[in-house]
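Colleague: The structure under discussion is supplied below as structure tokens; questions concerning it will follow.
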Amino acid sequence: MKWVWRILSGIAALAVLCAAGLWLYGLRPSHGRNSATVEISRPAVQVWRYITTDELTKKWVSGLEEIRHVTPGVTGAGEKLYLVEAYEGERFPMEMTIERVVEQRELTFVLIGVGDPSNSFTEKGSYLLEEHEGKTRLTLSAQTDYHGFLPRLMEPIITKQADAKVAGDLARMKALVEAEVPPPAD
């Protein structure tokens, strides 16, 4: 019977060690940061449409099922949206507030996870577009703070998955925008 307790104690010690490792790694200076950049062979005006047009945004943001504008008559800074993304059969509702808009150059936002408080988060992010010779360099960066115990503990894993999602989403946007006919040269 002693060997059973030793095995169970070993498993418990391993679980505690893993949790402590995740917690310590979650204290790194770059915790919760995501950033990805893509160069799109189209002018900023074409790229901007995919950020600001609901139906086009749904085409490149994986899992995005719903976008609803909750501040009628308000566009740009101060606009609020309700979003729903789905992953692995679960739906995640979010509220987005647009903080700053510089047409075809920059859009900053705050995204808050709503619903289950143990899974809530606050994300501050931005899209930055830099056009040069008909090509647009698009950078999406975000800083996410998780509020529940389990998401805070799992932050290193969540952030790595979010990095992969952001890179995949931007690659999808690049393919969609570049599939469009380029505008005529001036």
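The values are calculated or read from the model by the stated rules, or taken from the named source; none is laboratory data. Nothing here was measured: the structure is a model prediction, and the numbers come from that model. With ideal geometry, Cβ positions are generated from the backbone for all residues, glycine too; neighbour counts draw on all protein chains shown.
Okay, residues lined up against (1) under 15 Å from the mean Cα position of the chain (by Cα); (2) charged (D, E, K, R):
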residue	(1), (2)
Ser126	yes, no
His132	no, no
Gln143	yes, no
Phe149	no, no
Ile158	yes, no
Ala164	yes, no
Ala167	yes, no
Arg172	yes, yes
Ala179	no, no
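Colleague: Consider only pairs whose beta carbons are under 6 Å apart and that are at least six residues apart or on different chains; among these, list those whose first residue lies in region 68-96 and is without any contact (Cβ under 8 Å) to a residue 24 or more places away in the chain and whose second residue is in a loop (DSSP other than H, G, I, E, B) and among the polar types (S, T, N, Q).
Modeller: Glu79/Thr71; Lys80/Thr71
Colleague: What number goes with the only condition from (1) touching a helix residue (DSSP H, G or I) at 6+ places or on another chain (Cβ under 6 Å); (2) free of Cβ contacts under 8 Å to residues at least 12 places away in the same chain that Lys58 does not pass?
Modeller: Failed condition: (1).
Colleague: Just the residues that are aromatic (Phe, Trp, Tyr), modelled with pLDDT of 90 or more and within 21 Å of Ser120 (Cα to Cα), please, taken from region 60-91.
Modeller: Tyr82
Colleague: Residues of region 97-115 being closer than 20 Å to Arg172 by Cβ and in contact (Cβ under 8 Å) with a residue 40 or more places away in the chain, which ones?
Modeller: First pass over region 97-115, keeping only residues closer than 20 Å to Arg172 by Cβ: 107, 109, 111.
Matches in region 97-115: Leu107 only.
Colleague: Filtering region 143-164 down to residues that are at pLDDT below 85 and not in a helix (DSSP H, G or I), which residue is nearest to Met94 (Cα to Cα)?
Modeller: Gly148
Colleague: Here are Met173, Met154: which of them is surrounded by 15 or more Cβ atoms within 10 Å (Cβ to Cβ), in contact with a Lys or Arg (Cβ under 9 Å, 6 or more places away or on another chain) and in the same structural domain as Thr57 (by TED's automatic domain parsing)? Step through it out loud before you land on a result.
Modeller: Details: Met154 fails: in contact with a Lys or Arg (Cβ under 9 Å, 6 or more places away or on another chain).
Every option except Met173 fails the conditions.
Colleague: Going by the conditions given, is Leu128 in a strand (DSSP E or B), surrounded by fewer than 19 Cβ atoms within 10 Å (Cβ to Cβ) and among the hydrophobic types (A, V, I, L, M, F, W, C)?
Modeller: Yes: the conditions hold for Leu128.
Colleague: A further question follows. Consider region 107-127. How many of its residues are closer than 11 Å to Met96 by Cβ and either small (Gly, Ala, Ser) or in contact with a helix residue (DSSP H, G or I) (Cβ under 8 Å, 6 or more places away or on another chain) (or both)?
Modeller: 3
Colleague: Of the residues in region 81-101, how many are more than 17 Å from the chain's Cα centre (by Cα) and under 23 Å from Arg33 (Cα atoms)?
Modeller: Of the residues in that region, 2 qualify.
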